[in-house]
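The values are calculated or read from the model by the stated rules, or taken from the named source; none is laboratory data. These figures come from a predicted structure and were not determined experimentally. Cβ atoms come from the backbone with ideal geometry, glycine included; neighbour counts cover every protein chain shown. Ligands, DNA and RNA are excluded from the accessible area calculation, which covers all protein heavy atoms including side chains. Shrake-Rupley method; radii C 1.70, N 1.55, O 1.52, S 1.80 Å.
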Amino acid sequence: MRTRTRRLATLAAAILTAGLVAAPPTTGAAAAAESEWQDGYSQSDTIINCWTGTPTVGVSGNTGWRSPTGQVPKVGEKFYLRGYVALVGLPCSDKVYTIPEILPPPGLAYPEEPVIWGINQVDQPGTLTDADLGIWEGVNGGIALTQADGEPFLLRRGQILEFQFPVVATRELKGTATPAPTCQSRRDGTAPCPVAQSGDHLQVAFTVTGHGSDKQYVTPYVPLFATKAGTGGGGGGGGDSTPPSTSLSGGPANGAITTSTSASFTLGSSEAGSSFGCSLDGRDRACTAGKHTMTGLTPGTHVFRASATDAAGNTDPTAATRTWTVPVPARSLKRSAGWKLASASTAYGGKVATTSRRGASLTYPVKKARRVALVASGGSTHGTVRVYAGKRLVKTVKLRTARTTTRRVIPVTTFGSAWSGTIKVVVVSSGRPVRVEGLAAPTR
């Protein structure tokens, strides 16, 4: 068992410095895991107190894990991970916008349970909810969480954002190596460390914007451990009756929107010599241990499942599952007058719908959509569009970016329930280029 050198006390101390008290334990759907949280290594940013002119803590975050037994989990046992960040800055910084991006190690499976989360006052009892969240592919290759409408979380001074979710280790997790999993970019707050660096660990890259901090990211982390699963049979009959645990690593993150028509996953099992059964969108396909590649994926939401069967014939009862969405390309969008469909080798699908005419529109019918995202180019002179679901305006999207970009996935909205109707994109700027590459409408 590792030595926990920095725990919740680190965050509590920073909060007390700001005249607040530490957040009490939260309650919610994860309460089934009754043991103590094993917190990791916290990280903070620095701001300048405009009253005194001296540096002070702005936001401070941490991560942690706990298991129902309070012990290091075994392979195949469910345990819980969490991340949390609090705004503890003094008067000149009264709010901050943040998007947490979860960067887990390979070898974790995710049960079909919702993420629970909440924003609470640090000095009051907190509660968590399973209300809808936006789940996107993060800028660092992880899993980004937003509000249901795709907007970042807003923390005001004295508030704490926390989220929890269950995982299952599909292989033995080794914990911290030497040196501990840190790096200069994490200390500088410019980027998280590479996921595979220095042992198995969870890190959460909290973006830090809107309050004059000295870092782009606050990236706390916690080492993770899981021991080998038992393989002995029960009494009486003897033999191996324990099913293996299946793992999927690589490929699109669960719930991601990805501008690629191919996907590659690495299939693994907690027991050597296992065979595999796989399916894509409900259709069986041959697969073996190791890398498995799918090409020619059509636009829409895809579900890949894999189950390992060990040499004794025991099959994993909970298939490892990955769900992701391929956008509809620009050529499939209905264009009003004023648009041109141009070839662009760097754009998604090799084509881009381009215009600079105010009022020009693109439409596409969707069925049972859960979210909507726009795939669009960006540039320093690019214009603005409004996106409608039916007759309802759901978001105004500014396409201007500091650098020229393509294949940019822009979250637009999340629906409270499956929605069918027409998505309409209308140009509201005049004389500025608008370049749309596609539209995504995940159904899961």
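From the set of residues in region 170-213 that are of a type in the set (Lys, Arg) and closer than 15 Å to Gly107 by Cβ, which is modelled with the lowest pLDDT? Walk me through how you get there before you give the answer.
Looking only at region 170-213, we keep the residues that are of a type in the set (Lys, Arg), and these are 171, 174, 186-187.
Filter again for closer than 15 Å to Gly107 by Cβ, leaving 171, 174.
On the way: Arg171: 85, Lys174: 79.
Among those residues, the one meeting the criterion is Lys174.
For region 382-396, check the following and say yes or no: at least one residue is more than 20 Å from Thr258 (Cα to Cα), touching a residue at least 60 places away in the same chain (Cβ under 8 Å) and not β-branched (Val, Ile, Thr).
Yes, that holds for at least one residue.
Within region 327-336, is even one residue assigned to a loop (DSSP other than H, G, I, E, B), farther than 30 Å from Pro244 by Cα and touching a helix residue (DSSP H, G or I) at 6+ places or on another chain (Cβ under 9 Å)? Lay out the reasoning, then the answer.
First, pick out the residues of region 327-336 that are assigned to a loop (DSSP other than H, G, I, E, B): 327, 333, 336.
Now narrow it down to the ones that are farther than 30 Å from Pro244 by Cα: 327, 333, 336.
Now restrict to residues that are touching a helix residue (DSSP H, G or I) at 6+ places or on another chain (Cβ under 9 Å): 327.
Yes: region 327-336 contains one or more residues that are assigned to a loop (DSSP other than H, G, I, E, B), farther than 30 Å from Pro244 by Cα and touching a helix residue (DSSP H, G or I) at 6+ places or on another chain (Cβ under 9 Å).
Can you report the number of residues in region 72-118 which are of a type in the set (Ser, Thr, Tyr), at pLDDT 85 or above and either open to solvent by 10 Å² or more (accessible area, probe 1.4 Å) or more than 15 Å from Phe153 (Cβ to Cβ) (or both)? Let's see the steps before the verdict.
Applying the first criterion (of a type in the set (Ser, Thr, Tyr)) to region 72-118 yields 80, 84, 93, 97-98, 110.
Going one step further and asking which of them are at pLDDT 85 or above, we end up with 80, 84, 97-98, 110.
Of the ones still in play, those that are also either open to solvent by 10 Å² or more (accessible area, probe 1.4 Å) or more than 15 Å from Phe153 (Cβ to Cβ) (or both) are 80, 97, 110.
Going through region 72-118 one residue at a time, the tally reaches 3.
I'd like the full set of residues that are under 16 Å from Leu202 (Cα atoms) and in a loop (DSSP other than H, G, I, E, B), limited to region 51-81.
Step one: of region 51-81, the residues under 16 Å from Leu202 (Cα atoms) are 61-67, 72-73, 78-81.
Selection gives Ser67, Val72, Pro73.
For region 302-313, give me each residue that is of a type outside the set (A, V, I, L, M) and open to solvent by 30 Å² or more (accessible area, probe 1.4 Å). So that I can check it myself, show each step before the final result.
In the first step, residues of region 302-313 are kept if they are of a type outside the set (A, V, I, L, M); the result is 302, 304-305, 307, 309-310, 313.
If the condition is that a residue be of a type outside the set (A, V, I, L, M) and open to solvent by 30 Å² or more (accessible area, probe 1.4 Å), then Arg305, Thr309, Gly313 are the ones that fit.
Condition first: surrounded by fewer than 15 Cβ atoms within 10 Å (Cβ to Cβ) and in contact (Cβ under 8 Å) with a residue 24 or more places away in the chain. Can you find one or more residues in region 165-173 that meet it?
no
Out of Arg403, Arg386, I need the residue that is open to solvent by 50 Å² or more (accessible area, probe 1.4 Å), closer than 22 Å to Pro152 by Cα and not in a strand (DSSP E or B). Which one?
Working: Arg386 fails: not in a strand (DSSP E or B).
After ruling out the rest, the residue left standing is Arg403.
Just name the residue that is farthest from the chain's Cα centre (by Cα) out of those in region 314-346 that are at pLDDT below 95, more than 21 Å from Arg371 (Cα to Cα) and surrounded by 20 or more Cβ atoms within 10 Å (Cβ to Cβ).
Out of the qualifying residues, it is Asp316.
Of the residues Ile410, Ile423, which is over 22 Å from the mean Cα position of the chain (by Cα), crowded, with 18+ Cβ neighbours inside 10 Å and of a type outside the set (Phe, Trp, Tyr)? Reasoning before the result, please.
On the way: Ile410 fails: over 22 Å from the mean Cα position of the chain (by Cα).
Only one candidate passes the filter, namely Ile423.
So how many residues does region 115-147 have that are within 13 Å of the chain's Cα centre (by Cα) and assigned to a loop (DSSP other than H, G, I, E, B)?
Of all residues in region 115-147, those within 13 Å of the chain's Cα centre (by Cα) come to 115, 133-147.
Keeping just the survivors that are assigned to a loop (DSSP other than H, G, I, E, B) gives 115, 138-142.
Qualifying residue count for the region: 6.
Only one of these is exposed (fewer than 12 other Cβ atoms within 10 Å of the Cβ) and not aliphatic (A, V, I, L, M): Gly416, Gly379. Name it. Break it down into steps so the answer makes sense when it comes.
On the way: Gly379 fails: exposed (fewer than 12 other Cβ atoms within 10 Å of the Cβ).
Going through Gly416, Gly379 in turn, just one is exposed (fewer than 12 other Cβ atoms within 10 Å of the Cβ) and not aliphatic (A, V, I, L, M): Gly416.
Determine which member of the set Asp130, Asp200, Asp123 is open to solvent by less than 30 Å² (accessible area, probe 1.4 Å) and among the charged types (D, E, K, R).
Details: Asp130 fails: open to solvent by less than 30 Å² (accessible area, probe 1.4 Å); Asp123 fails: open to solvent by less than 30 Å² (accessible area, probe 1.4 Å).
None of the other options fit; the residue is Asp200.
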